[in-house]
Amino acid sequence: ALRRAYETLAAASGPARLLLATYFGGLGDNLDLAAELPVDGLHVDLVRAPGQLTAVTDRVAAAPGDRVLSAGIVDGRNVWRTDVRAAFSALGDAHRRLGDRLWVGPSCSLQHVPHDLDAEDALDADLREWLAFADQKLGEVATLTAALNHGADDPAVATRLRASDTAVAARRRAQRGAEAHRRRARGEVETARRGAHAESAASRGAHGAASGAAEGRRASGQAERAEVQRRELDLPPLPTTTIGSFPQTDDIRRARRAHAAGELGDDDYRDFCRAEIAHVIGAQEEAGLDVLVHGEPERNDMVQYFGERLAGFATTANGWVQSYGTRCVRPPILYGDVARPAPMTVEWQRYAQSLTDRPVKGMLTGPVTILQWSFVRDDQPRAQTCRQIALAIRAEVADLEAAGTHIIQVDEPALREGLPLRRADRKRYLDWATECFRLATAGVGDATQVHTHMCYAEFGDIIDAIVALDADVISIEAARSRMAVLDDLVAARYPAAVGPGMYDIHAPHVPSEDEIATQLDRALVALPAGQLWVNPDCGLKTRGWDEVRPALAHMVAATRRARARLAGGGDAN
Ligand code: GLN
Ligand code: ZN
């Protein structure tokens, strides 16, 4: 297919020259194929796959004509400053062999990184020296090109290389300092972890929940926990709930902006959020939902909010990148060791629960999603960084549980998008990713119900990982595929409960009671009623109240109809 496609393109390209750009990994066993395609140039990612440089240079040098090699050696996917001297010497051999046929560039498109570091005046001065955003990366490319063309001794080049050397050395020094600190901190983490265990076990009366079990495993198996939770939570069949966020109105955004600008004091902002939480709780009681949420009014974004509260993260003022469509986010920069100086969500949760007799779900973002949607340090393996985040979330889970939260949702919408491109690398990723989720969640007692949520549910190839999360309930996107995704769960004999999204919240359409009833009936064909929850397919933050109110009312009405039928021994199952 590739050969045909590129032959067709080459035949049609006329005087235009074709550059085949590959990135986010090495060419691997496609190297020879890529070298044979009728293109004028080949771009390779030397950040993710520096080891391919010699082999690619060989192929390009041997190619007929004036084919170019575009060396993607400045990281286009992350925010770290390039060690320009190291990059310069890495390209020396290719430059000697290819001369003008060597190009220098970022590894991939620069749309993944913020625009300009100069727009950040609040960043810590030391950290700033470690960073390069899109504009700065272009400067690095220019320096590299100048160094290759004029030599490292050219005065202008030498100055810029020295600036790079200084920044690289400063970062190394800081990291060595952190190393010593880390060894000490590790001792403290151990102690804190044991403390959290003891506390949660005591508060839930879960005998031996912590003491005996490995920290990444729940004390009891899925079925046993489900039994305890059924007794303790006493929910109706087909429990109804939502995924967490409620409309982020202009009022909320205005208040947040005023608070950030110092125009709205901390107390006033807290009162504002509390009033919003009270409003959201009231609306859910009115809709007749069984398991409520506080609505996340205090969260600008599900990752940034935690990034702002965890040590080891920095946040930017203007570091916007595209999330999807017209939505943009400011991913935090994870530069150091992660720790949780103080509880992050417990006060909001406690307040929400004080307003109602129905259970309010605690709401956290999972370690893999925080990792995936941040700019992550590149000086240690991602798995190790993810474990640090997991321990921080674990502490928050323990505090939520100790505060009387019986249901805790840990969102992992990014679990799947972290999958490595190459199949051979996937198992290792899924192993540490699921282990981190369990590390974050498995410290709770049997009676505490752990939920997770994923949006883009193409589960077929990661279903074992979904099972390995060992959550008690998973809510997933299912509406667009009309519940087809449930087949994967059924085929894998998914043991826990499932909340397939009953309608698509991304569409500006209020589902009718009948539409939801139809989806629910489909779900009831796939799975027994005892295993099903009823919820929308994602958070409601992008919708307006005029859509959310009727949609939830219809969802509850459709559920009540199904319940009545089940109670009457009807045809549902
Ligand atoms: N709890 C989050 C919300 O409701 C989950 C968002 C997501 O799945 N991306 O907004
Ligand atoms: Zn979602």
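Descriptive notes on the structure:
- Among residues of segment 372-401 that are among the hydroxyl-bearing types (Ser, Thr, Tyr), those with a Cβ under 8 angstrom from a residue that is in a helix (DSSP H, G or I), sequence gap 6+ or separate chain, pair up as 374/307; 385/371.
- Of residues in segment 244-292 being hydrophobic (A, V, I, L, M, F, W, C) and assigned to a loop (DSSP other than H, G, I, E, B), the one nearest to ligand 1 (Cβ to nearest atom): 246
- Residues (in a loop (DSSP other than H, G, I, E, B) and either loosely packed, with under 12 Cβ neighbours inside 10 Å or of a type in the set (A, V, I, L, M) (or both)) located in segment 18-37: 18, 27, 37
- Boolean, residue 407 is in contact with a Lys or Arg (Cβ under 7 Å, 6 or more places away or on another chain), within 16 Å of ligand 1 (Cβ to nearest atom) and hydrophobic (A, V, I, L, M, F, W, C): yes
- Among the residues making up segment 443-462, those that are part of a loop (DSSP other than H, G, I, E, B) and either within 16 Å of ligand 2 (Cβ to nearest atom) or over 25 Å from residue 231 (Cα atoms) (or both) are 455, 456, 457, 458, 459.
- Filter result (surrounded by 22 or more Cβ atoms within 10 Å (Cβ to Cβ) and within 16 Å of ligand 1 (Cβ to nearest atom)) within segment 504-533: 505, 533
- For first residues located in segment 538-564 and touching a residue at least 24 places away in the same chain (Cβ under 8 Å) and more than 16 Å from ligand 2 (Cβ to nearest atom), partners that are among the acidic types (Asp, Glu) and not in a loop (DSSP other than H, G, I, E, B) and lie 6+ apart or on another chain with Cβ distances below 7 Å form the pairs 554/513; 557/513; 558/513.
- Any helices (runs of 4 or more DSSP H) falling wholly within segment 325-420 and containing at least 3 residues that are within 16 Å of ligand 2 (Cβ to nearest atom): 367-372
- Taken together, the residues in segment 70-113 that are hydroxyl-bearing (Ser, Thr, Tyr), over 27 Å from the mean Cα position of the chain (by Cα) and surrounded by fewer than 17 Cβ atoms within 10 Å (Cβ to Cβ) amount to 1.
- Scanning segment 114-161 for residues that are within 27 Å of the chain's Cα centre (by Cα), part of a helix (DSSP H, G or I), of a type in the set (Gly, Ala, Ser) and surrounded by fewer than 18 Cβ atoms within 10 Å (Cβ to Cβ) yields one hit, 119.
- Hits in segment 430-455 - residues which are within 16 Å of ligand 1 (Cβ to nearest atom) and farther than 25 Å from residue 360 by Cα: none
- Meets criteria (under 21 Å from residue 94 (Cα atoms), of a type in the set (Asp, Glu) and out of contact with any helix residue (DSSP H, G or I) (no Cβ under 8 Å at 6 or more places or on another chain)) for residue 58: yes
- Condition check for residue 440: away from ligand 2 (no atom under 16 Å from the Cβ) and without any contact (Cβ under 8 Å) to a residue 60 or more places away in the chain: no
- Output for segment 420-475, where each listed residue is hydrophobic (A, V, I, L, M, F, W, C), closer than 27 Å to residue 540 by Cβ and in contact with a Pro (Cβ under 8 Å, 6 or more places away or on another chain): 437, 440, 454, 455
- Residue match in segment 307-320 (condition: in a loop (DSSP other than H, G, I, E, B), within 16 Å of ligand 2 (Cβ to nearest atom) and either buried (at least 21 other Cβ atoms within 10 Å of the Cβ) or within 24 Å of the chain's Cα centre (by Cα) (or both)): no
- Considering (1) within 16 Å of ligand 2 (Cβ to nearest atom); (2) over 19 Å from residue 395 (Cβ atoms); (3) crowded, with 18+ Cβ neighbours inside 10 Å, the lone condition that residue 274 does not fulfil carries the number (1).
- Near pairs, Cβ below 8 angstrom, 6+ apart or cross-chain, from segment 313-329 (closer than 19 Å to residue 367 by Cβ) to any residue that is β-branched (Val, Ile, Thr) and outside any strand (DSSP E or B): 329/303
- Being under 27 Å from residue 465 (Cβ atoms), touching a Cys at 6+ places or on another chain (Cβ under 8 Å) and away from ligand 1 (no atom under 16 Å from the Cβ) holds for only one residue in 382, 387, and it is 387.
- Across segment 355-381, the number of residues qualifying as at pLDDT below 95 and touching a strand residue (DSSP E or B) at 6+ places or on another chain (Cβ under 7 Å) comes to 1.
- The lone criterion from (1) within 16 Å of ligand 2 (Cβ to nearest atom); (2) surrounded by fewer than 23 Cβ atoms within 10 Å (Cβ to Cβ) left unmet by residue 432 is number (1).
The values are calculated or read from the model by the stated rules, or taken from the named source; none is laboratory data. Since the structure is predicted, the reported quantities are computational estimates derived from the model, not experimental observations. When we count neighbours, we look across all protein chains shown, and the Cβ atoms used for this are built from the backbone with ideal geometry, even at glycine.
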